[in-house]
Amino acid sequence: MTRQRVLRWVLKPLVFLAALGPLAYLTWAALTDNLSANPISDITLETGTWTLRFLVITLVITPLRRLTHWNDAIKFRRMLGLFAFFYGTLHFTTYLWLDQFFDFSGIAKDIWKRPFITVGFTAFVAMLPMAITSTAGWIRRLGGKNWQRLHRLIYIAAVCGVVHYWWLVKSDIQRPLIYGFIVALLLGYRIVAAVRRRAPRPAVASGSSASADLLRRPS
Amino acid sequence: MLIKNAPDIPSSEITPERLYLRRREFLKAAGFSAAATVAGVFTADCGADAAQTGPKLNVAKKTVTLDEKLTPFDDVTSYNNFYEFGVDKDDPSRNSGKFKPKPWSIVVEGQCAKPGTYTLEDILKPHPLEERVYRMRCVEAWSMIIPWVGFPLGDLLKRFEPNGNAKFVEFTTIMRPDEMPGQRQRFPPILPWPYREGLRMDEAMHPLTIMAVGLYGQALPNANGAPLRLVVPWKYGFKGIKSIDRIKFVDKQPLNTWQQMNAGEYGFYSNVNPAVDHPRWSQASERRIGEFAKRKTLMFNGYGDQVASLYSGLDLRRNY
């Protein structure tokens, strides 16, 4: 098999199945009474955490690709981003259905009055246009540049996701802190990369970076 | 106060605790048609259950009952907050195995005639144990019905002869980082340890306020605050400080741990109040553990008839 075929018929299906793992576990645990005494809270927490994790994993792709020169990493990005949206949708549905039981006036009040729900909802809304325009057709229609701009919404989704988690906990901020740190690192990388790209490079610096590039290449 | 007549059968018979404990096996067993499998599950589990249950307590009387379904024993003992053992709901039951509730002593100090260090036996000896079935409303908007075993806190406090300056009473949870992993966490610490709580003297002397030593007719599991803890049923659950090793009579309103942590969200009183929301979530309704639809939260957790008079003239919106 060629590398592209391995990617398409082996690696991608494997990642796809792995990404369904959390849902499979939740379903199994719910059906076999292996969740806690408050299953709705467990489902809410698990689907929310996995949304954030997939957002982080999706944000890892670009730096990973740049730093390792493993260009095929890009082939997984759409799928991982869509899984973030998938778990986000489950999370939001859990809230709408199991938690609030479609009490829309209560939900509207919640979104308006509770900052942690406001930011969580913002994160979800930010993911929507990305999910819709995730097809090749939409990339064509929007044009690469616009499409890329639109998909920077993931930065907002990730930051809002972390804040949502942070504002939700009572005093146990260790986990939100860890996610916050990782997201800060991933966004920081992009800021540094953008500044570098924009800065007019002195000849010496560009020369040295080119040679560094050469050094990294396998000879 | 409203105390219903106690039925003359022990709690363990009112609530088929064994059935509750085994409901999961029941469900699993239902999946198999073979009667032999069912029988096997039953016989295999009887011994295990007996081993898990703590020492039975000698409960003299049932003083408070409720017409509400008890929350199953293993939900009460495996789903709760006790940050000394970790922040997840199952951490207390999973991480409290090393904790030693015996021997135990309690330091009594402050504005009273009989301060000193008392052993647990000293503390418990004069008090006949009662069963009190109370609602427990967590500040996180979930609730349970728990058959506590204990005695009125007021009866205990009177023995130390608090003086006229004793306006409040402060309680402290034991500090044992070696046995309580939550107290060891750094970066950042979960709470400023040790955990502290306080009551106004009249709240502490109120007949509904108890010092609990057990639940479901048996000694408190470590996860639920062994060997003794406070239960104040009209306040949010976190007021029910666990594993108490210090009682202090003071003249000024003490700072409780959650208030110290975030005074804008947690007050001194922390009375259950559906009209005053937590800044980040509504307190108007709650999820009873084991139920799907939410219930309306009751003012003072349904104990208004007995306790509302304690707060007449107090702005409960400001004094949350």
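Side notes on the structure shown:
- Fully extending the segment from B:ALA275 to B:ARG186 would add 28.4 nm, taking 0.36 nm per residue of separation and subtracting the current Cα-Cα distance.
- Backbone N atoms of region B:264-297 closer than 14 Å to the 7 Å Cα→Cβ label point of A:LYS113 belong to residues B:273-286, B:297.
- Listing A:HIS69, A:HIS91 from fewest to most neighbouring C-beta atoms within 10 Å gives A:HIS69, A:HIS91.
- Kirkwood Rh in Å, taken over all unlike Cα pairs in region B:112-267: 16.2 Å
- Relative packing of peptides A:26-33, A:174-181, B:80-87 - highest average C-beta neighbours within 10 Å first: B:80-87, A:174-181, A:26-33
- Degrees between helix A:153-168 axis and first principal axis of chain A (Cα, 0 to 90, nearest 10): 40 degrees
- Restricting region A:95-132 to chymotrypsin sites (Phe, Trp or Tyr not before Pro) that sit in a DSSP loop and have at most 16 other Cβ atoms within 10 Å of their own Cβ leaves A:PHE101, A:PHE102.
- Taking other Cβ atoms within 10 Å as a rough exposure proxy, A:TYR189, B:TYR303, B:TYR195 sort from fewest to most as A:TYR189, B:TYR303, B:TYR195.
- Computed over the protein assembly as shown, the percent of Cα pairs more than 39 Å apart is 38.
- Lys/Arg +1, Asp/Glu -1 at C-beta; region B:110-199 dipole; positive extreme among B:GLY150, B:ASN165, B:TYR134: B:ASN165
- Axis angle, to the nearest 10 degrees, between helix A:115-132 and the longest C-alpha principal axis of chain A: 60 degrees.
- Largest GNM mean-square fluctuation among A:VAL192, A:VAL56, A:VAL163, using chain A with Cα springs under 10 Å: A:VAL192.
- Listed residue (B:TYR236, A:VAL192, B:ASN58) projecting farthest to the positive dipole end of the protein assembly as shown, Cβ model: A:VAL192
- Pair A:THR2, A:THR135: separation of 7 Å Cα→Cβ label points (nm): 2.6 nm
- With R₀ set to 22 Å, the beta-carbon distance separating A:LEU17 from A:LYS75 gives a calculated FRET efficiency near 0.85.
- Diffusion coefficient (Stokes-Einstein, Kirkwood radius over C-alpha pairs, 25 °C, 0.890 mPa s) for region A:11-92: 180 µm²/s, rounded to a whole number.
- Rounded to the nearest 10 degrees, the inclination of helix A:104-113 to the longest alpha-carbon principal axis of chain A is 50 degrees.
Throughout, read-outs are computed from the coordinates displayed, never taken from laboratory work. As the structure is a computational prediction, the values presented were derived from the model and not from experiment. Because the Cβ atoms are built from the backbone with ideal geometry, glycine has one as well, and the counts that use them run over all protein chains shown.
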